[in-house]
1. Can you go through Tyr35, Tyr20 and tell me which one is at pLDDT below 85 and surrounded by 15 or more Cβ atoms within 10 Å (Cβ to Cβ)?
2. Take Tyr46 and tell me if it is closer than 30 Å to Cys76 by Cβ, modelled with pLDDT of 85 or more, out of contact with any Cys (no Cβ under 8 Å at 6 or more places or on another chain) and of a type in the set (Ser, Thr, Tyr).
3. Could you tell me whether any residue of the range 17-25 is touching a strand residue (DSSP E or B) at 6+ places or on another chain (Cβ under 8 Å), touching a residue at least 12 places away in the same chain (Cβ under 8 Å) and assigned to a helix (DSSP H, G or I)?
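The values are calculated or read from the model by the stated rules, or taken from the named source; none is laboratory data. This one's a predicted model, so the numbers in the text were calculated from it and none came from an experiment. In this analysis, Cβ positions are derived from the backbone assuming ideal geometry, glycine residues included, and neighbour counts consider all displayed protein chains.
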Amino acid sequence: MMKLPKSINIIKAANESNDYLGYMKTLELDKLRTYLHESHEDNSLYVKVTVKQDLQYRYIVNLEIKGEIYLTCQRCLGELKFNIDKQLDLIALNTIDNISNKEGDFEPVILDDSGKLDLYDIISDEVILSIPQVPRHAVEKCSEVSNVIEFEAAI
């Protein structure tokens, strides 16, 4: 199991045709912690990052994230298993001023001053964007709702 680097140099990664793949602990993703159920905060996500330069000399980052996280059900406050299976293409830009309509299907990401991409930050953001606005079990699977329904039926 390989640990992913926190950040990568885009130009170096593209020139060396390196794929970065490995597992990342969810506890290492600070932004994600508040969404996780307390009993399962330390899961692993499989991540694959590929960086290439296209014919227009743009740096394209293909990001693949797979795994499962446990959220807090907003109905019963129990744990809710949520599968992540996300693949997206990003375009690396030096400044926000470089964003134009030419990016097409690519989602823009801004590099830091040294030309590096913060993988942990991007992965956190993408996982958070995958999470439903109100995570909850189906009504028939939610333990709290089932107890209320049984209680009301008994009255």
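1. Criteria check complete, one pass: Tyr35.
2. When the stated conditions are applied, Tyr46 passes them.
3. No, the range 17-25 contains no residue that is touching a strand residue (DSSP E or B) at 6+ places or on another chain (Cβ under 8 Å), touching a residue at least 12 places away in the same chain (Cβ under 8 Å) and assigned to a helix (DSSP H, G or I).
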